[in-house]
Amino acid sequence: MLIDDLSTPALLVDADRLSRNLDRMQAKADENDAALRPHGKTHKSPALARWQIDRGAIGLTVATLPEAEAFAEAGVGDIRVAYPVVGRERYERLLALTETATVSFTVDTEAGVRQASRFLDDAGTTMDVLLEVDVGHGRCGVPWDADEETIRLAEAIADAPGLDLAGILTHAGQAYHGPHDGESKADALRRAGREERDRMLEVAVRLAEAGCEGIDPDTFEISIGSTPSLTHFENAERAGVRITENRPGNYVFNDAMQVNLKSAELDDCALSVYTSVVSKRRDPSGTERVYVDAGKKVVTTDQGPGMDRYGTVLYNARYMRAHPHAVVTDLSEEHGWMRVPGGATFGVGDRLRIVPNHACVTVATQNALHVVDGDEVVETWDVAA
């Protein structure tokens, strides 16, 4: 099958670029003596998960229980839910997963510890739990510099029936915020990576010094990771502890946001949206207005710092050359609005590719990934959750 046989909009995955991305991140983890546990929310594909595990990934990270269930059903044997799990219905689903996979999850509140402990103790079982730490993103997690709260919560987990304190976990989402004033994009990524690493090591050392149960440098897990914060990752050691696990997700595909942050080049982007021109007109200024069938339900409205467009239109998909003039300026539900100053070579019915700003959200809106070699579709993978 050729890509022109596909209905649009469709998601295309370049097989060669995907393979390079997988190999590069696995090599980085190996070089730094860290396990790689990729985040499956980016691709939601059991087939792609197998590519990752075959290259050395120890398992997968997920954000939702449907993702965990889909990957467990496909045979992934080690799954980490990097998201607070609360409520009896979710605990029941979490426990059911342990019949076929090794499963761990995170907590960041004393209420969360009590609820999980009560359910798992009543069920007569014990599960590994990681304390989520906020190293600067400002979302979930106990603040990395809140010593008393961190120690109290770690001790609560260690003492709770049904819970084993396996380690600490974070997501340096601030790596997506871009540079500070006077800082280059490359320096911003290095800073975010250092902060994530050093703050997590500092938390682990403080827990050990406080005498928290289970802080054994040989077994205690220190799990970090976002694609941009791992761009320049170098492991380090503090008082016998090191980063043990990397959890990037977006790296499998990359996207226009990663290119904007300088954590990837356009040639590293394996995912594109294949879309058709459905209408065009020329306004009085001579600018062509071109409308495609990929709107916000596919391309997404996410933008990174300083971005002024919704994806990158490709002029030459084989060599990943961006169109010099075409810009996706607006999105409605089923329409992408493109502006092409000076006129467009696109005609109604023509097809083109757009690298989305945020691959994770784009994939979540679709049900299939079409793996391509040039213009040939070599495989089609289900988006399972």
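The values are calculated or read from the model by the stated rules, or taken from the named source; none is laboratory data. No experiment lies behind these values; they were computed from the predicted model shown. Every residue, glycine among them, receives a Cβ derived from its backbone with ideal geometry; neighbour counts consider all protein chains shown.
If you go through the range 277-295 and pick out every residue that is touching a residue at least 40 places away in the same chain (Cβ under 8 Å) and in a strand (DSSP E or B), you end up with 10.
Quick test of your reading of the structure: residue 138 fulfils all but one of (1) surrounded by 20 or more Cβ atoms within 10 Å (Cβ to Cβ); (2) not in a helix (DSSP H, G or I); (3) not aliphatic (A, V, I, L, M). Name the failing condition by number. Just one mismatch for residue 138, condition (1). The residues of the range 156-166 that are more than 16 Å from residue 84 (Cβ to Cβ), under 30 Å from the mean Cα position of the chain (by Cα) and part of a helix (DSSP H, G or I) amount to a single one, 158. Being out of contact with any helix residue (DSSP H, G or I) (no Cβ under 9 Å at 6 or more places or on another chain), among the basic types (Lys, Arg) and at pLDDT 95 or above is true of residue 50. Quick test for you: out of 23, 54, 4, pick the one residue that is in contact (Cβ under 8 Å) with a residue 60 or more places away in the chain, more than 30 Å from residue 125 (Cα to Cα) and not basic (Lys, Arg). So the residue among 23, 54, 4 that is in contact (Cβ under 8 Å) with a residue 60 or more places away in the chain, more than 30 Å from residue 125 (Cα to Cα) and not basic (Lys, Arg) is 4. Would you call residue 93 in contact with a strand residue (DSSP E or B) (Cβ under 9 Å, 6 or more places away or on another chain), of a type in the set (D, E, K, R) and either farther than 21 Å from residue 223 by Cα or not in a helix (DSSP H, G or I) (or both)? For residue 93, the condition - in contact with a strand residue (DSSP E or B) (Cβ under 9 Å, 6 or more places away or on another chain), of a type in the set (D, E, K, R) and either farther than 21 Å from residue 223 by Cα or not in a helix (DSSP H, G or I) (or both) - is not met.
For the range 189-205, the candidate set comprises residues that are within 12 Å of residue 232 (Cα to Cα) and of a type in the set (A, V, I, L, M, F, W, C); within that set, the residue that is surrounded by the most Cβ atoms within 10 Å (Cβ to Cβ) is 192.
Of all the listed residues (313, 298), the sole one being at pLDDT 95 or above and not in a loop (DSSP other than H, G, I, E, B) is 313. When 133, 113 are screened for being under 18 Å from residue 203 (Cβ atoms) and in a helix (DSSP H, G or I), only 113 passes.
For the range 170-191, indicate whether the set of residues that are touching a residue at least 24 places away in the same chain (Cβ under 8 Å) and within 23 Å of residue 116 (Cα to Cα) is non-empty. Taking every residue of the range 170-191 in turn, at least one turns out to be touching a residue at least 24 places away in the same chain (Cβ under 8 Å) and within 23 Å of residue 116 (Cα to Cα). I'd like to know if the range 168-183 contains one or more residues that are in a strand (DSSP E or B) and surrounded by 16 or more Cβ atoms within 10 Å (Cβ to Cβ). Taking every residue of the range 168-183 in turn, at least one turns out to be in a strand (DSSP E or B) and surrounded by 16 or more Cβ atoms within 10 Å (Cβ to Cβ). Among the residues of the range 7-14, is there at least one that is in contact with a helix residue (DSSP H, G or I) (Cβ under 9 Å, 6 or more places away or on another chain), closer than 30 Å to residue 221 by Cβ and not basic (Lys, Arg)? No - not one qualifying residue is present in the range 7-14.
Out of the residues in the range 264-282 meeting the condition of being touching a strand residue (DSSP E or B) at 6+ places or on another chain (Cβ under 7 Å) and of a type in the set (A, V, I, L, M, F, W, C), tell me which one is nearest to residue 343 (Cα to Cα).
277
In a residue-by-residue description of the range 249-271, the property of being surrounded by fewer than 21 Cβ atoms within 10 Å (Cβ to Cβ) and modelled with pLDDT under 95 applies to no position. Which one is nearest to residue 345 (Cα to Cα), of the residues in the range 288-313 that are hydroxyl-bearing (Ser, Thr, Tyr) and buried (at least 16 other Cβ atoms within 10 Å of the Cβ)? Once the filter is applied, the top-ranked residue is 291.
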